[in-house]
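*Asks:* Okay, here's the structure, questions in a sec.
The values are calculated or read from the model by the stated rules, or taken from the named source; none is laboratory data. Remember, it's a predicted structure, so these values are computed and weren't measured experimentally. As a convention, Cβ positions derive from the backbone with ideal geometry for all residues, glycine included, and neighbour counts pool all protein chains shown. We work out accessible area using only protein heavy atoms, side chains counted, and drop any ligands, DNA or RNA first. Shrake-Rupley method; radii C 1.70, N 1.55, O 1.52, S 1.80 Å.
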Amino acid sequence: MRVCRVGLVGAGGVAQRHARVLTGFDDVELVAVTDVTPDAASALVGQHGGRACADVAELLATGPDAVYICVPPFAHGPAEEAVIEAGVPMFVEKPVSADLGTAERIADLVARSGLRTAVGHHWRYLTVLDEARALLADRPVRLVSGAWLDKVPPVAWWSRRDRSGGPVVEQAAHVLDLIRVLAGEVTEVTAYGNGTPPPVDGADIDSVTTAALRFADGAVGTLSAACVLGWKHRAGLEILADGLALALSEDGLTIRDADGERHVPADPDAARVAVDRAFVDAVRGIGDDVRVPYAEALATQRLALAVADSARTGATVRLTTPGLPAVLDTGVTADA
Ligand SMILES: NC(=O)c1ccc[n+]([C@@H]2O[C@H](COP(=O)([O-])OP(=O)(O)OC[C@H]3O[C@@H](n4cnc5c(N)ncnc54)[C@H](O)[C@@H]3O)[C@@H](O)[C@H]2O)c1
């Protein structure tokens, strides 16, 4: 394959970013875009080329080598099914769904198809992540503290639980994904929501959620999400190990140990480019650096949904298969 011909499903904010990044690569051509709002597809095609298609079937008929699925959480499912059926590799934006059933169904189809997949957890490509992992290699994590403290994003679906899955699933999933990388699998979650939606029309999500996490390797921690501010206040995580404190965000890693404190900057835009580069290279057969294939994203999705479920029901949720795509202990949830 000389050039990777890409189709985009969804033409909103994140699709525009992928279109910009992908068309900046010499070996990628944007061939088709579809969106339930046809004007959005036309506008994107007008900027970056390709053909505006009426639906996913028409997009697949253009014969893309890969498809990006950039729809809101509630809209996942049908596009993935069609793309898998057509045997085309796919990049899916996070979160992979608003519910667990859709994500499990698609993960199963992906596993049977053997198709290349990638999910947009671009934080995995932050250059400082390797350094954090190396520092933690010989000392167990004791305490984890993750947070995403922000405003309500300006998209109508975001503040509706059935549309977005809520702030933990929709946004803090980036932090939960890195927590899994650095501290291992969570086995138990007890979460609380404040029961007060943000002051946005139709909102039914908690404006604040906080969760206590127990990890398989003995660490404990917390995850907090808030959308009560008018600005992005903080998104990232802190980790304490014996004699070591790490603070990681998209902007870099702050390390404090017996020798003092130092900051290693990171470039979030470079990570956003790297996630696309890795997927395209994998599709072209010239690289193998996809860090979050669909099955791995499913594990993060289970954790995010466990936090959301616990906050909603008031029950502790156990994740019963640490390290593997885990199974929610529905008995615990159902008891609520
Ligand atoms: N990885 C990241 O850094 C990152 C950044 C931004 C957004 N996202 C994720 O990307 C997803 C989309 O976010 P966004 O900001 O682009 O939202 P958006 O609302 O700006 O765009 C979504 C687009 O999808 C279209 N759409 C909805 N249902 C569709 C369907 N069934 N078929 C085709 N098109 C459909 C909408 O018309 C809209 O144009 C969200 O899940 C969000 O979390 C990820």
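*Asks:* Consider LEU115 carefully, then state whether it is more than 15 Å from the ligand (Cβ to nearest atom) and over 25 Å from VAL175 (Cα atoms). Quick ask: steps written out before the conclusion?
*Replies:* Working: more than 15 Å from the ligand (Cβ to nearest atom): yes; over 25 Å from VAL175 (Cα atoms): yes.
Yes; evaluated as a whole, the condition is true for this residue.
*Asks:* Can I ask one more? Filter the range 264-289 down to the residues that are open to solvent by 30 Å² or more (accessible area, probe 1.4 Å) and not in a helix (DSSP H, G or I) and list them by number.
*Replies:* VAL264, PRO265, ASP267, GLY285, ILE286, ASP288, ASP289
*Asks:* Can ARG2 be described as open to solvent by 60 Å² or more (accessible area, probe 1.4 Å), more than 11 Å from the ligand (Cβ to nearest atom) and assigned to a loop (DSSP other than H, G, I, E, B)? Give the derivation first.
*Replies:* On the way: open to solvent by 60 Å² or more (accessible area, probe 1.4 Å): yes; more than 11 Å from the ligand (Cβ to nearest atom): yes; assigned to a loop (DSSP other than H, G, I, E, B): yes.
Spelling it out, ARG2 is indeed open to solvent by 60 Å² or more (accessible area, probe 1.4 Å), more than 11 Å from the ligand (Cβ to nearest atom) and assigned to a loop (DSSP other than H, G, I, E, B).
*Asks:* Output the number of the condition that THR209 fails; it satisfies all remaining conditions of (1) open to solvent by 50 Å² or more (accessible area, probe 1.4 Å); (2) away from the ligand (no atom under 16 Å from the Cβ).
*Replies:* Just one mismatch for THR209, condition (1).
*Asks:* Considering each of ALA41, ALA15 in turn, give the residue that is under 21 Å from the mean Cα position of the chain (by Cα), within 9 Å of the ligand (Cβ to nearest atom) and surrounded by 19 or more Cβ atoms within 10 Å (Cβ to Cβ). Reasoning before the result, please.
*Replies:* Details: ALA41 fails: under 21 Å from the mean Cα position of the chain (by Cα).
Step by step, each of ALA41, ALA15 is checked, and only ALA15 is under 21 Å from the mean Cα position of the chain (by Cα), within 9 Å of the ligand (Cβ to nearest atom) and surrounded by 19 or more Cβ atoms within 10 Å (Cβ to Cβ).
*Asks:* Then there's this: Yes or no: the range 173-192 includes at least one residue that is free of Cβ contacts under 8 Å to residues at least 24 places away in the same chain and over 19 Å from the mean Cα position of the chain (by Cα). Spell out how you get there, then give the answer.
*Replies:* Initially, the range 173-192 is screened for residues free of Cβ contacts under 8 Å to residues at least 24 places away in the same chain, giving none.
Looking through the range 173-192, none of the residues is free of Cβ contacts under 8 Å to residues at least 24 places away in the same chain and over 19 Å from the mean Cα position of the chain (by Cα).
*Asks:* Continuing with the same structure: Output the number of residues of the range 50-63 satisfying the condition of being open to solvent by 30 Å² or more (accessible area, probe 1.4 Å) and part of a loop (DSSP other than H, G, I, E, B).
*Replies:* Residues flagged as open to solvent by 30 Å² or more (accessible area, probe 1.4 Å) and part of a loop (DSSP other than H, G, I, E, B) within the range 50-63 amount to 4.
*Asks:* Any residue at all in the range 99-115 that is surrounded by 24 or more Cβ atoms within 10 Å (Cβ to Cβ) and of a type in the set (Ser, Thr, Tyr)?
*Replies:* no
*Asks:* Something else about it: Residues in the range 64-80: is at least one in a loop (DSSP other than H, G, I, E, B) and either more than 9 Å from the ligand (Cβ to nearest atom) or free of Cβ contacts under 8 Å to residues at least 24 places away in the same chain (or both)?
*Replies:* Step one: of the range 64-80, the residues in a loop (DSSP other than H, G, I, E, B) are 64-65, 70-72, 76-77.
Checking the rest, the ones that are also either more than 9 Å from the ligand (Cβ to nearest atom) or free of Cβ contacts under 8 Å to residues at least 24 places away in the same chain (or both) come to 64-65.
Yes, because at least one residue in the range 64-80 is in a loop (DSSP other than H, G, I, E, B) and either more than 9 Å from the ligand (Cβ to nearest atom) or free of Cβ contacts under 8 Å to residues at least 24 places away in the same chain (or both).
*Asks:* Still on this model: Quick check on the range 18-29: of everything there that is open to solvent by 10 Å² or more (accessible area, probe 1.4 Å) and of a type in the set (A, V, I, L, M), which residue is farthest from the ligand (Cβ to nearest atom)? Walk me through it before giving the result.
*Replies:* Initially, the range 18-29 is screened for residues open to solvent by 10 Å² or more (accessible area, probe 1.4 Å), giving 20-21, 23-29.
Those left that are additionally of a type in the set (A, V, I, L, M): 21, 28.
Numbers: VAL21: 11, VAL28: 18 Å.
Among residues in the range 18-29 that are open to solvent by 10 Å² or more (accessible area, probe 1.4 Å) and of a type in the set (A, V, I, L, M), the one farthest from the ligand (Cβ to nearest atom) is VAL28.
*Asks:* If I ask for residues that are open to solvent by 10 Å² or more (accessible area, probe 1.4 Å), assigned to a helix (DSSP H, G or I) and not basic (Lys, Arg), which ones from the range 123-134 would you list?
*Replies:* If the condition is that a residue be open to solvent by 10 Å² or more (accessible area, probe 1.4 Å), assigned to a helix (DSSP H, G or I) and not basic (Lys, Arg), then TYR125, ASP130, GLU131, ALA134 are the ones that fit.
*Asks:* Looking at (1) over 23 Å from ARG112 (Cα atoms); (2) within 10 Å of the ligand (Cβ to nearest atom); (3) out of contact with any His (no Cβ under 9 Å at 6 or more places or on another chain), which one does VAL56 not meet, given that it meets all the others?
*Replies:* The number of the failed condition is (1).
*Asks:* So if I check each of VAL92, VAL96, which one is hydrophobic (A, V, I, L, M, F, W, C), more than 24 Å from GLY285 (Cα to Cα) and buried (at least 19 other Cβ atoms within 10 Å of the Cβ)? Walk me through it before giving the result.
*Replies:* Working: VAL92 fails: more than 24 Å from GLY285 (Cα to Cα).
So the residue among VAL92, VAL96 that is hydrophobic (A, V, I, L, M, F, W, C), more than 24 Å from GLY285 (Cα to Cα) and buried (at least 19 other Cβ atoms within 10 Å of the Cβ) is VAL96.
*Asks:* Among the residues of the range 83-104, what is the count of those that are part of a loop (DSSP other than H, G, I, E, B) and under 14 Å from the mean Cα position of the chain (by Cα)?
*Replies:* Initial filter on the range 83-104 (part of a loop (DSSP other than H, G, I, E, B)): 86-89, 93-99.
Cutting the leftovers down to under 14 Å from the mean Cα position of the chain (by Cα) gives us 93-99.
Qualifying residue count for the region: 7.
*Asks:* THR34 versus (1) within 13 Å of the ligand (Cβ to nearest atom); (2) within 20 Å of the chain's Cα centre (by Cα); (3) buried (at least 16 other Cβ atoms within 10 Å of the Cβ): which is the lone unmet condition?
*Replies:* (2)
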